[in-house]
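For reference, the structure I am asking about is given below.
The values are calculated or read from the model by the stated rules, or taken from the named source; none is laboratory data. Note that the structure is a prediction, hence the values are computed from the model and not measured. All Cβ positions, glycine included, derive from the backbone under ideal geometry; neighbour counts span all protein chains shown. In case anyone asks, the SASA skips ligands and DNA or RNA and just uses the protein heavy atoms, side chains included. Shrake-Rupley method; radii C 1.70, N 1.55, O 1.52, S 1.80 Å.
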Amino acid sequence: MDRLPEDAGAGPLAVLSRFRRDFHSCLTARADELSELADAVLCAGEPVRSLATLSLAAEHRRGHGALYDAVNHGRIEMARLRRSLAGLPLPRAADGRLMLAVDVSNWLRPGAATSPDRLFCHVYGRGKGQAQMIPGWPYSVIAALEPGRTSWTAVLDAIRLGPGDDETQVTAAQVREVITRLITAGHWHEGDPPILVIFDAGYDVTRLSFLLGDLPAELLGRLRSDRVMQLPAPPRQPGTVGRPRKHGGELALADPATWPVPQTTTSTATTRYGTAIAAAWDRVHPRLTHRSAWLDHHGDLPVIEGTLIRLAVDHLPGDRDPKPVWLWYSRTGAAPGEVDRCWQAFLRRSGPRAHLPAVQTGPRLDRPQNPGPAGRGPVDLADHRGPHPAPPRPAAR
């Protein structure tokens with residue numbers, strides 16, 4: 001990798017060669033050493049425990065003194081690096097649209113008590129009720145998803161969330177900047193399908209849809225199963241006086257008695273989940289009030305309508321008990337094909353081996369807690385295939 005030709009012609013080798021030159025130009029101090037350090041991190045066959053270990057990698061041709069000097073004084077021009085990432089060839093769905101996934105990945109730092117702006121990060125444990133709150137740095141990551149069953153994702157941007165940040169505001173600004181860079185790089189033109197941005201539970205997808213309404217993007221997000229949404233207001237009858245209604249009846253996701261007949265119902269046979277049945281309701285929206293994020297909103301509160309999708313499958317991998325998944329799509333009047341495309345894109349984003357890369361799988365300078373149960377060996381988190389027992393260490397000479 002460190003001896004790519006200057007003119008590699010066409011193909012993946014040419015793309016890699018140009019990106020390496022662009023990455024080197026983004027380094028404003030100790031560029032050569034930082035380039036070799038990046039090669040050593042990428043080519044390391046195990047989790048990085050210390051910087052001195054990287055200096056022993058074959059890709060690192062300098063001493064450990066240069067390594068420490070690059071870490072202390074080296075600088076990266078982040079704006080230029082983001083533009084270089086946006087200019088790379090990006091994967092697309094079958095219909096030619098770009099699919100972006102947004103999520104928060106935690107870099108756990110429980111042993112770094114003097115690190116600034118640490119937050120308590122929610123970490124799932126093995127087994128029900130084993131979640132923990134561990135100090136660390138949360139990072140908001142945006143990646144372009146590839147179609148098909150693959151674990152590769154093209155990371156386009158990552159920013160650290162601070163203690164006083166409004167997560168929705170920060171995410172909206174981050175998505176806006178990424179989409180603007182993609183348009184500038186020529187990945188989207190007038191007449192192309194809108195960019196699909198996918199969010200998991202925990203994001204206020206309706207508010208994000210309002211903040212990003214001027215962009216050529218459609219938002220898809222997961223809702224909590226205890227949400228209560230509003231149906232569209234009935235047609236206004238002639239001769240009715242007074243203020244027109246904004247909302248219809250309530251649709252409680254946990255109460256089937258409140259569900260009207262869905263406008264769209266599809267059934268799809270899958271090899272992984274059995275039969276997938278999707279039901280969709282059009283023009284479903286939340287009831288907004290002048291509280292919390294909408295406290296400072298001037299004027300009447302908007303009615304943010306979209307398509308509500310309920311996905312139910314026969315089984316999950318491992319014969320686990322499936323629970324229905326509720327999705328909200330920012331577009332109204334979705335056809336059956338669009339409903340199927342939405343839930344398939346969401347499963348592509350959140351399915352096993354197709355997740356966003358975790359930040360903590362990079363260089364770990366302080367040893368994290370062992371995520372495995374007591375009495376078992378260490379777990380290797382560096383492999384994209386997921387947690388699995390780490391390979392045995394070579395015998396000491």
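Of the residues that make up region 97-108, is at least one free of Cβ contacts under 8 Å to residues at least 60 places away in the same chain and more than 15 Å from the chain's Cα centre (by Cα)?
For region 97-108, residues free of Cβ contacts under 8 Å to residues at least 60 places away in the same chain and more than 15 Å from the chain's Cα centre (by Cα): absent.
Determine, yes or no, whether Cys43 is open to solvent by 40 Å² or more (accessible area, probe 1.4 Å), touching an Asp or Glu at 6+ places or on another chain (Cβ under 6 Å), closer than 25 Å to Leu156 by Cα and hydrophobic (A, V, I, L, M, F, W, C).
So Cys43 passes the test.
Within the group Pro322, Pro378, Pro392, which residue is touching a Gly at 6+ places or on another chain (Cβ under 9 Å), surrounded by fewer than 16 Cβ atoms within 10 Å (Cβ to Cβ) and modelled with pLDDT under 50?
Being touching a Gly at 6+ places or on another chain (Cβ under 9 Å), surrounded by fewer than 16 Cβ atoms within 10 Å (Cβ to Cβ) and modelled with pLDDT under 50 holds for just one of Pro322, Pro378, Pro392, which is Pro378.
When the residues of region 259-271 are filtered to those that are over 12 Å from Val228 (Cα atoms) and open to solvent by 60 Å² or more (accessible area, probe 1.4 Å), which remaining residue is modelled with the lowest pLDDT?
Thr271
Would region 235-258 turn up any residue that is touching a Cys at 6+ places or on another chain (Cβ under 6 Å), modelled with pLDDT of 95 or more and either surrounded by 11 or more Cβ atoms within 10 Å (Cβ to Cβ) or farther than 21 Å from Asp321 by Cβ (or both)?
No, region 235-258 has no match at all.
Could I ask something else about it? Among what's in region 42-85 and is in a loop (DSSP other than H, G, I, E, B) and hydroxyl-bearing (Ser, Thr, Tyr), pick the residue that is farthest from the chain's Cα centre (by Cα).
Ranking the qualifying residues of region 42-85, first place goes to Ser55.
Out of the residues in region 275-319 that are surrounded by 12 or more Cβ atoms within 10 Å (Cβ to Cβ), over 26 Å from the mean Cα position of the chain (by Cα) and of a type in the set (Val, Ile, Thr), which is farthest from Arg348 (Cα to Cα)?
Restricting to residues being surrounded by 12 or more Cβ atoms within 10 Å (Cβ to Cβ), over 26 Å from the mean Cα position of the chain (by Cα) and of a type in the set (Val, Ile, Thr), the top hit is Val303.
In addition: Could you tell me which of the residues Asp192, Asp200, Asp204 is among the charged types (D, E, K, R) and more than 18 Å from the chain's Cα centre (by Cα)? Give the derivation first.
Numbers: Asp200 fails: more than 18 Å from the chain's Cα centre (by Cα); Asp204 fails: more than 18 Å from the chain's Cα centre (by Cα).
Going through Asp192, Asp200, Asp204 in turn, the sole match is Asp192.
What number of residues in region 238-274 are under 16 Å from Gln344 (Cα atoms) and of a type in the set (Gly, Ala, Ser)?
Within region 238-274, residues that are under 16 Å from Gln344 (Cα atoms) and of a type in the set (Gly, Ala, Ser) number 3.
Considering only region 226-258, state which residues are in contact with a strand residue (DSSP E or B) (Cβ under 6 Å, 6 or more places away or on another chain) and touching a residue at least 24 places away in the same chain (Cβ under 8 Å).
Across region 226-258, the qualifying residues are Val228, Met229, Gln230, Leu231, Pro232, His247, Leu251, Ala252, Leu253.
Considering each residue of region 88-109, count those that are part of a loop (DSSP other than H, G, I, E, B) and open to solvent by less than 50 Å² (accessible area, probe 1.4 Å), and give that number.
Result for region 88-109: 8.
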